[in-house]
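Contents: one structure, followed by commentary.
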Amino acid sequence: MTLLSIRGLTKRFGAAEVLKGVDLEVNKGEVVSIIGASGSGKTTLLRCVNLLEDFDGGEIVLDDVAIGYVKRNGTRRRLGERELARQRAMTGMVFQSFNLFPHLTALGNVMLGLLKVRHMAKAEAKTLAMNWLSRVGLSDRAMHLPSQLSGGQQQRVAIARALAMDPKLVLLDEITSALDPELVGEVLDTIKSLAKEGTTMLIVTHEMRFARDVAHRTIFMDGGLIAEQGPSAKLFRNPGNARLKEFLKRANI
Amino acid sequence: MEQFLHELWIARWPLAQGLLLTVEISVASITCGTIIGLFGGIGLTYGKWFLRWPIRVLVDCIRGIPVLVLILASFYLLTFAGINLTAIESGLLALSIFCGAHMGEIIRGALQSIPPGQIDAARAIGLTFPRILAYVLLPQAMRQIMPVWINTGAELVKASTLLSVIGTGELLFRTQEIIGRNFMTLEFYGLCGILYFLVNSMIERFGKFAGQRFALQ
Amino acid sequence: MAYSFRFGVIEANLDNFLQGLLLGLALAFAAILIGTLIGLLCAFATTAKSRAPSRLVGIYVSAIRNTPLLVIVLFVYFALPQLGIRLGKLESFIFSLAIYSGAYLTEVFRAGLAGVPKGVVDAGRAIGLNGLQRALYVIMPIMWRNCLPALGTTFISLFKDTSLAAVIAVPELTYQARKLNTETFRVAEAWATASLLYLSTCLLIAAGLRQLERRFPKF
């Protein structure tokens with residue numbers, strides 16, 4: 001069953017066309033990873049899906065609802081802030097630079113959305129947040145501020161913060177790029193366990209091995225387009241596209 | 001409007017004189033203040049404790065007292081102590097001390113931000129400390145503080161209005177005299193504010209220009 | 001002429017001095033409260049997509065920054081009544097100091113807003129917070145912490161600026177000192193006491209601020 005369907009997505013920053021008509025479908029429970037050189041539009045694609053960027057053409061349909069824009073009498077209009085906020089809450093996003101709220105504890109970070117967006121009662125939100133913190137292995141760090149946590153721990157809090165909102169789709173944007181090598185493992189393990197539980201994820205990553213092992217399907221983006229896609233095992237074993245071959249050779253896996 | 005222009009014509013010379021005196025006071029006090037601040041800043045940065053501590057206390061004291069109090073105190077106290085200074089002179093003294101304390105702090109900050117490797121390098125080529133100061137440290141520090149220094153000029157133009165309280169005939173005092181004669185409060189206080197605004201805007205412009213011109217890089 | 005310091009004079013007038021000091025603090029406090037509202041409004045206005053509010057705020061800030069406070073105080077007290085706006089001494093001074101501090105606080109808050117990492121705001125967006133919620137629960141808390149030191153120094157300098165109220169005969173500390181000076185000619189006592197009170201209050205506020213900054217460490 002299709003959860004996310006992107007059709008003909010285009011996006012430009014000034015004169016530069018970053019996305020040149022991307023088509024992509026993601027099924028419920030599927031883990032899809034996106035690889036490609038920097039500047040190929042991977043991150044922009046992800047940010048469009050979470051409505052953090054507006055886009056110029058095409059549409060994004062999440063769970064049978066076209067998000068971000070309404071078409072009325074043939075003109076296309078960006079939705080109001082309130083509606084955008086509601087739609088954003090359907091997807092969760094984890095960022096490269098964690099972006100934890102520095103003034104809130106780990107627990108507070110996870111609880112904020114539950115309280116203010118999901119309008120949960122405080123006790124309920126706290127139970128749920130603690131539950132998620134323990135799932136990412138951080139129940140003993142609940143009362144720590146982000147500045148008191150290691151990078152890997154911060155990123156796991158960010159994962160808990162995104163997952164606690166019970167999103168239909170989780171977007172991961174190079175979540176290990178800002179981490180010291182020895183901290184990468186703990187974060188990837190967390191993601192692996194989420195994948196096993198059937199969480200639908202769209203992952204932009206530089207960790208080729210991770211993409212191969214976790215993702216059911218891998219997408220290779222090049223110059224704002226999807227250049228090749230297929231089951232991860234197959235795509236990594238015998239890449240068809242010449243640019244992909246070159247890319248994988250340099251990535252050295 | 002016609003009446004205002006008429007009054008303005010009558011008042012043109014007092015206003016011009018007041019503006020001139022404002023500028024003179026500002027220039028004089030920033031000059032004295034910078035000299036005081038240079039010694040203060042150098043003492044605060046490189047002085048031994050018996051030099052550093054008294055300067056520190058002095059600077060903090062001056063910065064903790066309102067300028068108006070400094071001005072009034074210097075005006076009344078000096079006269080009372082038998083030191084005969086005119087209002088302008090005692091006002092200038094207060095403004096210079098005020099400016100000196102602030103400049104001292106600014107110059108200390110600039111000197112301390114210079115990497116210690118600079119002193120090592122200068123020592124290595126055999127310069128003595130006064131020369132290191134003159135040729136290596138101060139040129140870098142002064143460039144760095146240039147925008148702040150010019151901004152201090154605008155601060156002093158503003159602070160000079162306080163001398164009107166002790167009867168110095170600068171722009172604000174002249175304005176008050178004129179208003180005392182023609183009672184056109186709105187017009188002449190407005191004009192006075194605009195004149196100050198223009199002078200300070202010019203200084204601000206110049207500061208921005210100098211900031212780009214003198215930036216190290 | 002030999003001048004002998006008489007502590008008795010200070011003692012007899014200490015009440016006046018302390019009341020003057022408290023009045024000054026109250027004036028500064030009232031001004032910074034209103035100034036903070038003005039500053040917040042202006043700072044957030046400059047983040048709007050449209051350019052017009054930004055320009056208006058720019059004009060306000062540069063007009064105030066380049067005009068001496070004393071001229072503003074005198075204008076508000078003496079000139080505004082000509083336009084039919086008649087305020088009492090206290091109200092008029094608070095109003096002057098508030099619009100004056102508003103301009104400086106606008107810049108303080110602007111810098112504080114600029115110091116809020118963009119990614120953190122994005123994270124707020126990503127969990128579905130709307131604009132107002134992001135401002136309240138994400139941007140403002142970080143901004144306040146960024147601004148804390150500058151807010152403190154602004155308050156100290158506003159407190160010192162309350163000395164200008166003496167010029168329109170508001171009976172604060174400087175006014176009291178001048179009164180003692182002219183009434184009794186105890187010049188040294190008057191100014192030493194006033195200076196000492198200003199100084200110690202400033203130092204006390206500064207010390208309190210350092211404590212506050214330690215209590216709320218930088219993120």
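The values are calculated or read from the model by the stated rules, or taken from the named source; none is laboratory data. Just so it is clear, the structure is predicted and the values come from calculations on it, not from any experiment. Glycine also receives a Cβ, built like all others from the backbone with ideal geometry; neighbour counts cover every protein chain displayed.
Every listed requirement among (1) over 23 Å from C:Ser200 (Cα atoms); (2) surrounded by fewer than 20 Cβ atoms within 10 Å (Cβ to Cβ) is met by B:Leu58 save one, (1). For region A:67-79, does any single residue satisfy the condition of being touching a Lys or Arg at 6+ places or on another chain (Cβ under 6 Å) and either at pLDDT 90 or above or more than 23 Å from A:Gly113 (Cα to Cα) (or both)? Yes. Scan region A:1-55 residue by residue and report those that are assigned to a loop (DSSP other than H, G, I, E, B) and aliphatic (A, V, I, L, M). A:Met1, A:Ala15, A:Ala37, A:Leu51, A:Leu52 - these are the residues of region A:1-55 that are assigned to a loop (DSSP other than H, G, I, E, B) and aliphatic (A, V, I, L, M). Among residues of region C:193-219 being among the small types (Gly, Ala, Ser) and touching a residue at least 40 places away in the same chain (Cβ under 8 Å), the one that is farthest from the other protein chains (Cβ to nearest Cβ) is C:Ala206.
Of the set (1) in contact with a Ser or Thr (Cβ under 8 Å, 6 or more places away or on another chain); (2) buried (at least 19 other Cβ atoms within 10 Å of the Cβ), all apply to C:Ser195 but (1).
Beta carbons closer than 7 Å, at least 6 apart along the sequence or on distinct chains, pair a first residue in region C:164-189 that is in contact (Cβ under 8 Å) with a residue 40 or more places away in the chain with a second that is among the hydroxyl-bearing types (Ser, Thr, Tyr) and not in a helix (DSSP H, G or I) for C:Ala188/C:Tyr3. Checking A:Arg76, A:Arg82, A:Arg88 one by one, the residue that is crowded, with 17+ Cβ neighbours inside 10 Å and among the basic types (Lys, Arg) is A:Arg88 and no other.
Just one of (1) touching a residue at least 60 places away in the same chain (Cβ under 8 Å); (2) of a type in the set (Lys, Arg); (3) surrounded by fewer than 20 Cβ atoms within 10 Å (Cβ to Cβ) fails for B:Arg108. It is (3).
The listed residues are B:Leu44, B:Leu8, and the only one of them that is surrounded by 16 or more Cβ atoms within 10 Å (Cβ to Cβ) and under 20 Å from the mean Cα position of the chain (by Cα) turns out to be B:Leu44. Evaluated against (1) within 30 Å of B:Ile145 (Cβ to Cβ); (2) at pLDDT below 90; (3) in a helix (DSSP H, G or I), B:Gln217 falls short on exactly one condition, (3).
One residue stands out in region C:67-96 among those that are buried (at least 23 other Cβ atoms within 10 Å of the Cβ) and over 16 Å from B:Gly193 (Cβ atoms): the one that is nearest to the other protein chains (Cβ to nearest Cβ), namely C:Phe93.
Take region A:63-91 and flag every residue that is within 14 Å of A:Glu53 (Cα to Cα) and in a helix (DSSP H, G or I). Once the filter is applied, which keeps residues that are within 14 Å of A:Glu53 (Cα to Cα) and in a helix (DSSP H, G or I), region A:63-91 yields A:Glu81, A:Leu84, A:Ala85, A:Gln87, A:Arg88.
Taken together, A:Arg141, A:Arg156, A:Arg161 contain a single residue that is at the interface with chain C (Cβ under 10 Å from one of its Cβ atoms) and of a type in the set (D, E, K, R), which is A:Arg161.
Inside region C:41-66, residues that are part of a helix (DSSP H, G or I), more than 14 Å from chain B (Cβ to nearest Cβ) and surrounded by fewer than 20 Cβ atoms within 10 Å (Cβ to Cβ) make up a count of 9. The residues in region C:118-144 that are without any contact (Cβ under 8 Å) to a residue 24 or more places away in the chain, of a type outside the set (Ser, Thr, Tyr) and in a helix (DSSP H, G or I) can be counted, and the count is 17.
As a summary of the residue check, A:Gly198 satisfies the conditions (1) surrounded by fewer than 21 Cβ atoms within 10 Å (Cβ to Cβ); (2) of a type outside the set (Ser, Thr, Tyr); (3) in contact (Cβ under 8 Å) with a residue 60 or more places away in the chain; (4) within 21 Å of A:Thr44 (Cβ to Cβ) except for the one numbered (4). Of all residues in region B:138-157, those satisfying the criterion of being closer than 18 Å to B:Leu93 by Cβ, within 13 Å of chain C (Cβ to nearest Cβ) and not acidic (Asp, Glu) are B:Leu156, B:Val157. If you check C:Lys179, C:Lys118 for being more than 14 Å from chain A (Cβ to nearest Cβ) and of a type in the set (Lys, Arg), only one passes: C:Lys179. For B:Val165, the conditions (1) within 14 Å of another protein chain (Cβ to nearest Cβ); (2) surrounded by fewer than 19 Cβ atoms within 10 Å (Cβ to Cβ) are fulfilled apart from (2).
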